[in-house]
Amino acid sequence: MSKTKSEVKKIRKKISYTLKHERESKNQPSFTKEDALLIARALKIDFAKEKFDLDEFTAGVNVELEHGTKCPECNVTKNDPILTGKIALAHLKEFPDYYTRLKKLEEEATKYWSENV
């Protein structure tokens, strides 16, 4: 099922509104699993045909918010859900467990740098 441009625009607007008004008040914008599913649908991701699942994609879109307002110096997406989803999708196409591996790497790096500063 393909999405029209107007459907994608509605999804983008709905999720962007949710990010801004419900989550940014906590200074930690994030996407819910439901948001991630809407983003995936807009990007025409068929999880039955992918080597990654919705949980990995949800982790991905949340990590990639670092390219949004979370990090002003790196803000290239302005928290746009579709752009953020495309970044996550690009990484997951390379390695289906990209965000699981990234989490382990970050934990190791945090430990290393806390002991070697």
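Some observations on this one:
- Whichever residue in the range 38-57 is touching a Ser or Thr at 6+ places or on another chain (Cβ under 8 Å) and not basic (Lys, Arg) and, among such residues, is farthest from Ser6 (Cα to Cα): Glu56
- Criterion applied to Thr58, Thr69, Thr84 was being outside any helix (DSSP H, G or I), among the polar types (S, T, N, Q) and at pLDDT 85 or above, and the one residue passing it is Thr69.
- Residues of the range 87-117 classified as assigned to a helix (DSSP H, G or I) and in contact (Cβ under 8 Å) with a residue 40 or more places away in the chain, total: 6
- Candidate set from the range 74-101 (those that are aliphatic (A, V, I, L, M) and either under 13 Å from Ile39 (Cβ atoms) or touching a Gly at 6+ places or on another chain (Cβ under 9 Å) (or both)); member that is surrounded by the most Cβ atoms within 10 Å (Cβ to Cβ): Ala88
- For beta carbons closer than 7 Å, sequence separation of 6+ or different chains, a first residue in the range 42-68 that is closer than 19 Å to Glu106 by Cβ and a second that is exposed (fewer than 14 other Cβ atoms within 10 Å of the Cβ) and among the basic types (Lys, Arg), the qualifying pairs are Thr58/Lys33; Gly68/Lys78.
The values are calculated or read from the model by the stated rules, or taken from the named source; none is laboratory data. The structure presented is a predicted model; accordingly, all values stated were derived computationally and were not measured. Here Cβ is always computed from backbone atoms with ideal geometry, including for glycine, and neighbour counts include all displayed protein chains.
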